[in-house]
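What follows is one structure encoded as structure tokens, with my remarks underneath.
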Amino acid sequence: RPRVYLPDSLQGPARQAVLLHERTHIRRRDPLVKPLFYAVVCLHWFNPLVWLAFYLMNMDCEMSCDEKVVKLLGEESKKIYSYTLLEEASGGEWKRYRGGSICALLSFGEDHVKNRIRHVLDYRRPPFWVMIGAAAVLVILVV
């Protein structure tokens, strides 16, 4: 049973955004899937493609949850959510960011946070016709 632990200093809209992000992970069963990928990486530790797949899976997983937060909270939440990502990654010292606490080191990387923030700020819901086109391409590829 996954639990979410948050610092007491996280309040207001930032707390709501982080909780929504973490609940999205739980709903998508990420805490169950990630250990399976860890096991695959342990078995194939020598294979750089497995490490690359693991890294990309983590990035996609985080960015997907970020998109869900922006989609549910609206465009005005982008700025607050981006600052929250930066604050949590840097341990509250975002102007002198050097990696933050041990928790930040385990869950964030400097480049990873930069990419996530850039993605959140640039995120726009794709137009309906793009989604229909992507679905059509997927159906053609499956057939």
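List of remarks:
- The residues listed here are LEU6, LEU19, LEU86; of these, the one that is open to solvent by 30 Å² or more (accessible area, probe 1.4 Å), part of a helix (DSSP H, G or I) and farther than 14 Å from ILE117 by Cα is LEU19.
- Only a single item in (1) over 20 Å from VAL69 (Cα atoms); (2) not in a helix (DSSP H, G or I) is not met by LEU32, and it is number (2).
So that you can scan it fast, the table gives a plain yes or no per residue for (1) at pLDDT below 85; (2) open to solvent by 80 Å² or more (accessible area, probe 1.4 Å); (3) in contact with a Phe, Trp or Tyr (Cβ under 7 Å, 6 or more places away or on another chain); (4) within 20 Å of PRO13 (Cβ to Cβ):
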| residue | (1), (2), (3), (4) |
| --- | --- |
| HIS25 | no, no, no, yes |
| ASP30 | no, no, no, no |
| LYS34 | no, no, no, no |
| PHE54 | no, no, yes, no |
| ASP66 | no, no, no, yes |
| GLY74 | yes, no, no, yes |
| CYS103 | yes, yes, no, no |
| PHE108 | yes, no, no, no |
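- Against the test of being within 24 Å of TYR5 (Cβ to Cβ), at pLDDT 70 or above and assigned to a helix (DSSP H, G or I), the options ILE140, ILE117 yield a single qualifying residue, ILE117.
- Selection count, segment 36-52, where residues are open to solvent by less than 60 Å² (accessible area, probe 1.4 Å) and either within 21 Å of VAL113 (Cα to Cα) or part of a helix (DSSP H, G or I) (or both): 3
- Here is the figure for segment 62-80: residues that are farther than 19 Å from ASP30 by Cα and among the hydroxyl-bearing types (Ser, Thr, Tyr) total 1.
- Which listed residue is at pLDDT below 75, out of contact with any Gly (no Cβ under 9 Å at 6 or more places or on another chain) and of a type in the set (Ser, Thr, Tyr), from TYR123, TYR81: TYR123
The values are calculated or read from the model by the stated rules, or taken from the named source; none is laboratory data. Only a predicted model underlies this, so the values are computations on that prediction, with no experimental measurement involved. Note: ideal-geometry Cβ built from the backbone for every residue, glycine included; neighbour counts use all protein chains shown. Surface accessibility is based on the protein's heavy atoms, side chains included, excluding ligands, DNA and RNA. Shrake-Rupley method; radii C 1.70, N 1.55, O 1.52, S 1.80 Å.
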